[in-house]
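Just below is one structure, and these are the notes that go with it.
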Amino acid sequence: MNTEHRIRTLINRLARIDGSEVWAGDLNPTQRMALEYLAEANMFSRSPSQVAEYIGTTRGTMSQTLKALTRKGYVEEHRKELDQRSISYDLTKEGVKIVRQPNPVAQAIGDMPVENQVMLEQGLMQSLSLALAANGGRSFGQCKSCTYHDTTTENGFCKLLGVSLDVGEKDKICIEHEEAR
C-alpha cells in the first residue's frame, strides 16, 4: 500500500468513527454535518444550496435534510422580506448544544501535541484545496481572508455585497467569491 492510500484509508476510518457517534442520537451523518456547517457559516452562506455545495450533496437532498432538522427543533428557517423564495437557516439553542457535544475524534485530536494538530490541519487544508481544484469544487473560507473583505470597520464589510458584517461574522465560513473575481 502506498502512502496516499494509507492516508486516505485513515481519513475514511476517522470519518466512519466520527459518523458512527451521530447515529446514536436522532441525527444521521448528513444532518450532523449540516448542523456543523451552519454553526460556522456566516450570514451570507446559510442557504440550502450553499450547505449542499459545501457538503457535496444535491440541493434536493439538502432541502429535505434542513426540513428534517427544522422539524426536530435544531434549526429555524428564515425567509428574506423582499424575496420570500430566499431561505436561510440558523441553529436553535438545541442545535448549538448538539454541535458542542464531545466526540471521540475531536477528543483524540485535542489530545495530540499542539504542533501535530497544526501540521495535521495544514496538511488536510492543502489536501482539501487540491481535491476541490481537481474536482471542480467551489472553495469556502473565512470572510476575513476573502478578497472583498474590508477591514476598515470593527466587524468588517463585504465590498462585493456592500454589507456590513455582524459581530463575529468575519471569522465564519463563506463561499469564496471566485466567480465575481
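The values are calculated or read from the model by the stated rules, or taken from the named source; none is laboratory data. Fair warning: this is a prediction, and the values are worked out from it, not measured in the lab. Cβ sites come from the backbone with ideal geometry, for glycine too, and all protein chains shown count toward neighbours. To get the accessible areas, we keep the full protein, side chains included, count just its heavy atoms, and leave off ligands, DNA and RNA. Shrake-Rupley method; radii C 1.70, N 1.55, O 1.52, S 1.80 Å.
Simple point charges give the picture: +1 on the Cβ of Lys and Arg, -1 on the Cβ of Asp and Glu, and for segment 67-125 a dipole about the Cα centre of about 420 debye. Protein-only accessible surface at a 1.4 angstrom probe places the residues Leu27, Leu161 in the order Leu161, Leu27, largest first. Projecting the Cα atoms of Ile17, Val75, Thr57 onto the dipole axis of segment 1-81, where Lys and Arg carry +1 and Asp and Glu carry -1 at the beta carbon, places Thr57 farthest toward the positive end. Computed over protein heavy atoms with a 1.4 Å probe, the accessible surface of segment 1-133 works out to 68 Å² per residue. Between segment 23-64 and segment 88-136, the alpha-carbon centres lie 15 Å apart. Solvent-accessible area assigned to carbon and sulfur over segment 52-94 amounts to 46 percent, based on a 1.4 Å probe.
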